[in-house]
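I'd like to ask some things about the structure below.
The values are calculated or read from the model by the stated rules, or taken from the named source; none is laboratory data. Quick caveat, the model's predicted, so the values are computed rather than measured. With ideal geometry, Cβ positions are generated from the backbone for all residues, glycine too; neighbour counts draw on all protein chains shown.
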Amino acid sequence: MEDGTGLEKVIPSLVNSDYLKLNQKELPCLIRHGLEMPKDSMLFMPGNKKLTAFEISNIINYINTAWGNDEPVQNINAINAGLNTCL
Amino acid sequence: MKKILIPICAILLFAQGCKQETISKELPFLGRTTEINGEKKNHTIPAFAFVNQDSIIINNESLQDYIYITDFFFTSCPSICPKVMKQMLRLYDKYKDDDRVKFVSYTIDPKRDTQAQLKLYANNLGVDHNKWYFLTGDKDALLDMADDYFIVAYEDADSPGGFDHSGKIILVDKKGHVRAFCEGTEEESVDGFFPQVDQLLATYDQ
């Protein structure tokens with residue numbers, strides 16, 4: 001949990017994750033609104049609509065740099081731009 | 001300073017003493033003892049029947065030849081369940097090849113946790129379906145079961161995910177008596193649970 005490795009396939013690992021690398025721009029909307037999975041899988045990631053852009057920024061920058069991850073830091077402008085694209 | 005140190009040492013010695021005692025003695029029978037016709041009866045998990053992730057009915061008889069490790073959860077639980085499941089997996093990894101041990105996870109959210117949902121969850125967890133049962137059924141019956149394992153579980157709209165429950169992991173012997181528990185949210189507590197499982201298993205070797 002605290003080490004970012006998740007829980008098998010129930011909660012995917014965030015350590016050195018391809019998904020994390022390939023979906024940097026989508027992260028703000030993903031954290032705020034969650035993720036619906038295809039109908040047959042039924043598992044999903046819940047969103048957290050109470051989080052502010054600033055809090056989302058902190059979460060993303062933590063995930064991007066924790067556990068040996070090495071993704072670029074996203075500033076608040078990038079987060080706000082990302083949130084404006086949410087469906 | 002000395003005055004403070006002495007009681008602290010005394011407490012430490014006492015704690016150490018207790019620890020050794022619990023390891024050497026037989027595991028206690030938890031819960032209230034009832035007396036029927038002058039005969040003392042330890043708290044026992046009552047008869048139950050639920051459906052597992054493969055639509056197989058699991059009841060007391062399915063578990064009578066096994067000791068089992070059990071918890072309550074729900075698959076969409078955003079708060080403590082993933083932490084507890086991580087610890088359940090630690091236990092599973094140690095005992096998965098021990099034929100005397102089963103694992104049982106009861107959902108407290110049967111509306112969403114259908115048999116199909118539990119099957120998917122078990123598959124995603126990557127565990128043996130014959131070793132670890134994920135049980136669903138009537139909601140009230142499931143919540144009543146939690147009482148028998150001394151687990152607090154109830155529906156609460158204000159809690160994350162809609163249910164409030166404790167993250168305890170429970171050890172049950174072959175006769176359905178609760179023999180030990182730990183806090184599934186605390187790794188150190190679970191560390192201390194392993195020797196208790198071993199201790200219970202050892203009583204069946206004799």
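A:LYS50 - would you say it is surrounded by 14 or more Cβ atoms within 10 Å (Cβ to Cβ), basic (Lys, Arg), over 13 Å from the mean Cα position of the chain (by Cα) and within 14 Å of another protein chain (Cβ to nearest Cβ)?
no
Considering only the stretch B:39-55, state which residues are assigned to a loop (DSSP other than H, G, I, E, B) and without any contact (Cβ under 8 Å) to a residue 60 or more places away in the chain.
Matches in the stretch B:39-55: B:ALA47 only.
I'm trying to understand the selection: among the residues of the stretch B:74-119, which are within 11 Å of another protein chain (Cβ to nearest Cβ), among the hydrophobic types (A, V, I, L, M, F, W, C) and either touching a residue at least 40 places away in the same chain (Cβ under 8 Å) or under 18 Å from A:THR5 (Cα atoms) (or both)?
B:CYS77, B:ILE80, B:CYS81, B:VAL84, B:MET85, B:MET88, B:LEU89, B:LEU118
How many of the residues making up the stretch A:56-71 are part of a helix (DSSP H, G or I) and at negative phi?
Here the count works out to 11.
Go through the residues of the stretch B:57-68 one by one and say whether even a single one is in a loop (DSSP other than H, G, I, E, B) and of a type in the set (Val, Ile, Thr).
No, the conditions are met nowhere in the stretch B:57-68.
Let me ask another. State which residue is surrounded by the most Cβ atoms within 10 Å (Cβ to Cβ) when the search covers only the stretch B:91-125 and only residues that are under 14 Å from A:GLU8 (Cβ atoms) and charged (D, E, K, R).
Checked the stretch B:91-125; the qualifying residue surrounded by the most Cβ atoms within 10 Å (Cβ to Cβ) is B:LYS96.
Of all residues in the stretch A:33-55, which are modelled with pLDDT of 95 or more and either in contact with a Phe, Trp or Tyr (Cβ under 7 Å, 6 or more places away or on another chain) or part of a helix (DSSP H, G or I) (or both)?
Across the stretch A:33-55, the qualifying residues are A:ALA53, A:PHE54, A:GLU55.
Any residue in the stretch B:59-67 that is crowded, with 18+ Cβ neighbours inside 10 Å, under 27 Å from B:PHE194 (Cα atoms) and either of a type in the set (Lys, Arg) or within 14 Å of chain A (Cβ to nearest Cβ) (or both)?
There is no residue in the stretch B:59-67 that is crowded, with 18+ Cβ neighbours inside 10 Å, under 27 Å from B:PHE194 (Cα atoms) and either of a type in the set (Lys, Arg) or within 14 Å of chain A (Cβ to nearest Cβ) (or both).
Checking B:PRO28 against (1) assigned to a loop (DSSP other than H, G, I, E, B); (2) within 18 Å of B:LEU142 (Cβ to Cβ), which test does it fail?
(2)
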